[in-house]
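Notes to accompany the following structure.
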Amino acid sequence: MSNGALKTSPLHEKHVALGAKMADFGGWEMPIEYPGGGVVAEHTAVRTAVGVFDVSHLGKASVRGPGAKDFVNACLANDLNRIEPGKAQYTLCCNDSGGVVDDLIAYLRSDDDVFLIPNAANTGEVVELLKAAAPEGIEVENLHEGYGVLAVQGPQSDEVLEALGLPSGHDYMSFVETQWQGHPLIVCRTGYTGERGYELVPAWDVAADLWDALIEAARAQGGLPCGLGARDTLRTEMGYALHGHELSTEITPVQARVGWAVGWKKDTFWGRDALVAEKAAGPSRVAWGLVVTGRGIPRSHCAVRSASGEALGEVTSGTFSPTLKQGIALALLAPTVAEGDEVVIDVRGRDVAAVVKRPPFVEVGVRES
Amino acid sequence: MSELEYPEDLRYTAEHEWVRTGDGGVVRVGITSFAQDALGDVVYVSLPTVGDTVAAGDACGEVESTKSVSDLYSPLAGEVTAVNEALDATPELVNTDPYGEGWMYELKVDDLAAVEALMDQAAYREQLG
């Protein structure tokens with residue numbers, strides 16, 4: 001974000017009152033961590049109990065009108081015909097060269113109503129692209145500040161939702177439209193941590209009361225409010241892509257190995273021709289995980305070399321894994337690289353040894369029934 | 001973490017290191033409560049090697065948290081005489097006890113008078129604003 005004041009979530013005052021450390025996430029001032037927690041404690045709470053995150057900076061947009069599903073399906077990469085109404089789907093908004101403008105979740109409400117959750121910084125662009133392409137009768141609306149988004153993540157998530165009288169236990173990537181204290185609420189079984197969990201979408205003005213209730217219920221389960229610092233270490237342990245790092249307009253889904261989110265059999269979607277050609281030819285670089293075997297923590301843009309000194313690529317995200325107690329990284333590497341290869345990461349001039357691994361780096365229960 | 005504290009018997013630098021004067025021209029160096037709090041959970045500390053000669057202002061190590069990395073600067077000129085090897089296995093000592101068990105290294109300084117030229121507690125607090 002180049003200028004102007006940062007936007008704030010409907011929970012901003014709650015975060016300030018809790019004493020959270022705040023930072024800029026895609027133009028939004030959001031909590032990184034809370035006092036009494038910290039990234040490692042918050043991360044561990046999600047892996048072992050439950051954590052509640054404010055992710056209201058995420059975008060919200062709706063596409064409505066006769067044939068809304070078919071319209072979205074002709075634009076975004078994944079195939080909405082793979083799912084039924086009441087299910088959500090991870091999908092990609094690509095450009096003509098196959099680069100990724102954004103990765104997002106599409107909630108299929110009906111054939112005439114699709115709700116989208118893009119990334120904070122990309123919401124405006126996704127909405128503009130869809131608006132420009134929309135035929136007569138299809139309305140695309142940016143609802144960024146119409147809804148909050150709260151994530152409840154961890155093995156005790158169901159207990160937290162039950163304490164609020166909310167539905168839980170539905171299938172992975174399905175959602176229920178319900179009410180909480182008389183207000184409409186979407187409860188989707190999804191998340192970005194690798195643990196069993198839910199993302200709740202209340203109206204903007206309802207988010208603060210819902211947050212208070214969730215935090216109280218989570219604390220009773222040994223849980224914590226969690227900041228976006230822990231969300232990043234959790235998603236990195238899973239190898240989940242973060243737009244701007246593992247995916248970008250310069251990094252295609254074929255390279256990032258999210259081809260599973262592309263409807264290859266569809267006749268049309270943005271970037272189709274470029275992606276089909278790249279898939280056939282084979283990508284010039286491929287996403288891998290790296291587990292540090294020496295000492296040190298790789299960070300974005302650290303160069304990766306073979307043991308013999310050959311340049312292999314670079315780190316896209318790196319951090320300390322609170323679960324493994326080790327440095328881990330996601331990287332884009334030459335197609336010659338294979339699982340188990342020993343490589344060297346240049347961490348600010350220091351050589352750090354690492355082994356190539358296909359993420360996730362940890363065992364998790366995200367899809368358990 | 002309790003309230004951030006800055007002991008009166010220490011000297012401080014603008015880069016948020018503290019210096020404690022010991023015997024025989026040896027000083028102990030660590031990072032302040034402010035620095036560890038700003039970093040968050042410290043997960044890795046890279047220290048200089050015993051026997052290294054450093055000049056004032058030299059980057060001589062790194063402190064990494066889950067979120068970021070920060071250079072460790074030598075506040076004074078001298079020779080490294082000891083490093084806190086406990087930080088290899090338990091870097092979190094930097095958070096829990098920054099002025100005690102979380103110390104970083106010791107330096108035999110060339111000029112003890114230079115220690116007195118560093119900020120005292122009041123000046124450091126003022127710099128923090």
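The values are calculated or read from the model by the stated rules, or taken from the named source; none is laboratory data. No experiment lies behind these values; they were computed from the predicted model shown. Neighbour counts run over all protein chains shown; Cβ positions are idealised from the backbone, glycine included.
Structural remarks
- Strands (runs of 3 or more DSSP E) enclosed by region A:122-222 - at least 2 residues per element that are without any contact (Cβ under 8 Å) to a residue 60 or more places away in the chain and within 27 Å of A:Asp112 (Cα to Cα): A:175-180, A:183-188, A:197-202
- The residue that is surrounded by the fewest Cβ atoms within 10 Å (Cβ to Cβ), among those in region A:94-111 that are among the charged types (D, E, K, R) and in a strand (DSSP E or B), is A:Arg109.
- Residue match in region B:73-86 (condition: more than 14 Å from every other protein chain (Cβ to nearest Cβ), in a strand (DSSP E or B), of a type in the set (Asp, Glu) and farther than 30 Å from A:Thr233 by Cβ): yes
- Selection status of A:Ala241, modelled with pLDDT of 95 or more, more than 17 Å from A:Gly197 (Cα to Cα) and away from chain B (no Cβ under 14 Å): yes
- Among the candidates A:Gly340, A:Gly309, A:Gly313, A:Gly365, the residue that is away from chain B (no Cβ under 13 Å) and closer than 29 Å to A:Asp96 by Cβ is uniquely A:Gly313.
- Subset of region B:16-42 that is modelled with pLDDT under 95, in a loop (DSSP other than H, G, I, E, B) and out of contact with any Ser or Thr (no Cβ under 6 Å at 6 or more places or on another chain) - its residue that is nearest to the other protein chains (Cβ to nearest Cβ): B:Gly22
- Number of positions in region A:270-304 that are out of contact with any Asp or Glu (no Cβ under 7 Å at 6 or more places or on another chain) and assigned to a strand (DSSP E or B): 6
- Meeting the requirement of 1 or more residues that are away from chain B (no Cβ under 14 Å), the strands (runs of 3 or more DSSP E) wholly within region A:18-93 are A:28-33, A:51-54, A:61-64.
- From the list B:Val69, B:Val45, the lone residue that is of a type outside the set (S, T, N, Q), within 12 Å of the chain's Cα centre (by Cα) and within 13 Å of another protein chain (Cβ to nearest Cβ) is B:Val45.
- Matching residues, region A:254-306, being within 24 Å of the chain's Cα centre (by Cα), loosely packed, with under 13 Cβ neighbours inside 10 Å and either more than 26 Å from A:Lys325 (Cα to Cα) or more than 14 Å from every other protein chain (Cβ to nearest Cβ) (or both): A:Trp260
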